[in-house]
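Contents: one structure, followed by commentary.
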Amino acid sequence: MDGMSEGIGPTDITDLGHEVFQIDTRMAGYDGITAGYLIRADRPCLVETGTAPSAPVVRDALARLGIGADDLATVVVTHIHLDHAGGAGDIAAMFPAAQIVVHQRGARHLADPSRLMASARMVYGDALDRLFGVLAPVPADRIVALDDIGTVDLGGGRRLDSHYSPGHAKHHVGLVDSDTGDLYVGDAAGVYLPETGDVRPATPPPDFDLETALASVRKFAALQPARLLFSHYGPVSEVSQTLDRSAEEITVWVEETRQAHAAGLDLDHAVAMVRERTRNRYAAFSPDVDPAIAEKFERVSGAVGNVEGIMHWLSKTGA
């Protein structure tokens, strides 16, 4: 690999150095929505599977990188939302030697996804199959449940250290590579749009909590990572600036949603107000930027889901 993107049919692989490779999982057929990462260490590890329909895409990318069916040692997911872990069951079947690693609060849902899938079906309806597919069960004896602080052995003295970061979801962890200092942030620091450098919150129901979310971002900053590797989407070297912006965006969205909630507005009206009030915070929505970029940004961090999560928190806590 030479540091440039390589096409694998519809898939892009990007060499990020130190035997770390970013894989575009081609979620729902789109480019640049959800990334998986291969750490090609002595014990090869995949971080994030993408959705169930992405599993063949990920398998083919791993094959191009020299990782066959019996070579993958570990699959780690930052949390069990379907864009991150929906392919866990399929990947487990494709790579029968791999352990599947998840925070202990998500482990039972990988073993028995029925409740998770029923909830997702209620939210997404008929669009569920197109967007996420169906999470297949992971054999319980292959699941490794992490405590709030845990370690994944990558071989040769290299490891991933996990850090519980539940502001986005109660089963969320961040992962630090001991060799590179890279921090796999999942969704706890929001989403990053590489085309414009924008950072936007990811605050969906039912688990969003303001103080917990901000504490997770502070925890990430205290780890002093060398880079942030976003699942949505890609590597960021401006660590302090990006984490500061992440905390700021969460706070702004909560402040705006709180005003709408206090005024007794329903979700649709609250979303319209928050979208209008925050639009000028993002280069993606500038008139001189391709509208497809704004559409992509909305797809990976939709205003409706963000506001709904904050409204749910406000209603639950009376904040």
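The values are calculated or read from the model by the stated rules, or taken from the named source; none is laboratory data. Given the structure is predicted, the values throughout are model-derived calculations rather than measurements. Cβ sites come from the backbone with ideal geometry, for glycine too, and all protein chains shown count toward neighbours. Note: areas computed on protein heavy atoms with side chains; ligands, DNA, RNA excluded. Shrake-Rupley method; radii C 1.70, N 1.55, O 1.52, S 1.80 Å.
Of note:
- Search result, residues across segment 211-241 that are open to solvent by 10 Å² or more (accessible area, probe 1.4 Å), under 21 Å from GLY181 (Cβ atoms) and either assigned to a helix (DSSP H, G or I) or touching a Cys at 6+ places or on another chain (Cβ under 9 Å) (or both): ARG218, LYS219, ALA221, ALA222, VAL239, SER240, GLN241
- The one condition in (1) open to solvent by 20 Å² or more (accessible area, probe 1.4 Å); (2) assigned to a loop (DSSP other than H, G, I, E, B); (3) under 30 Å from SER119 (Cα atoms); (4) in contact with a helix residue (DSSP H, G or I) (Cβ under 7 Å, 6 or more places away or on another chain) that PHE208 fails to fulfil: (1)
- Residue check for ARG299: within 17 Å of the chain's Cα centre (by Cα) and open to solvent by 60 Å² or more (accessible area, probe 1.4 Å): yes
- Single residue of segment 39-85 satisfying the filter (of a type in the set (S, T, N, Q) and buried (at least 24 other Cβ atoms within 10 Å of the Cβ)) that is farthest from ILE23 (Cα to Cα): THR78
- For SER301, the criteria (1) at pLDDT 95 or above; (2) touching a strand residue (DSSP E or B) at 6+ places or on another chain (Cβ under 7 Å) hold in every case but one, which is (1).
- Within segment 273-293, if we keep just the residues that are of a type in the set (A, V, I, L, M) and surrounded by 20 or more Cβ atoms within 10 Å (Cβ to Cβ), the residue that is farthest from THR251 (Cα to Cα) turns out to be ALA284.
- THR196 being of a type in the set (Ser, Thr, Tyr), more than 15 Å from the chain's Cα centre (by Cα) and not in a loop (DSSP other than H, G, I, E, B): no
- Options ALA52, ALA28; residue that is modelled with pLDDT of 95 or more and either in contact with a Leu (Cβ under 8 Å, 6 or more places away or on another chain) or within 23 Å of ARG142 (Cα to Cα) (or both): ALA52
- Among the candidates THR180, THR151, residue that is modelled with pLDDT of 95 or more, more than 22 Å from ALA213 (Cα to Cα) and buried (at least 17 other Cβ atoms within 10 Å of the Cβ): THR180
- Test set (1) closer than 21 Å to GLY305 by Cβ; (2) touching a helix residue (DSSP H, G or I) at 6+ places or on another chain (Cβ under 9 Å); (3) acidic (Asp, Glu) - ASP126 fails condition number: (2)
- Entry remark, segment 140-168: residues being out of contact with any helix residue (DSSP H, G or I) (no Cβ under 7 Å at 6 or more places or on another chain) and basic (Lys, Arg) number 2 in total.
- Close pairs (8 angstrom Cβ cut-off, 6 or more residues apart or separate chains): touching a residue at least 12 places away in the same chain (Cβ under 8 Å) and among the basic types (Lys, Arg) in segment 154-176, open to solvent by less than 30 Å² (accessible area, probe 1.4 Å) and in a loop (DSSP other than H, G, I, E, B) anywhere: ARG158/ALA41
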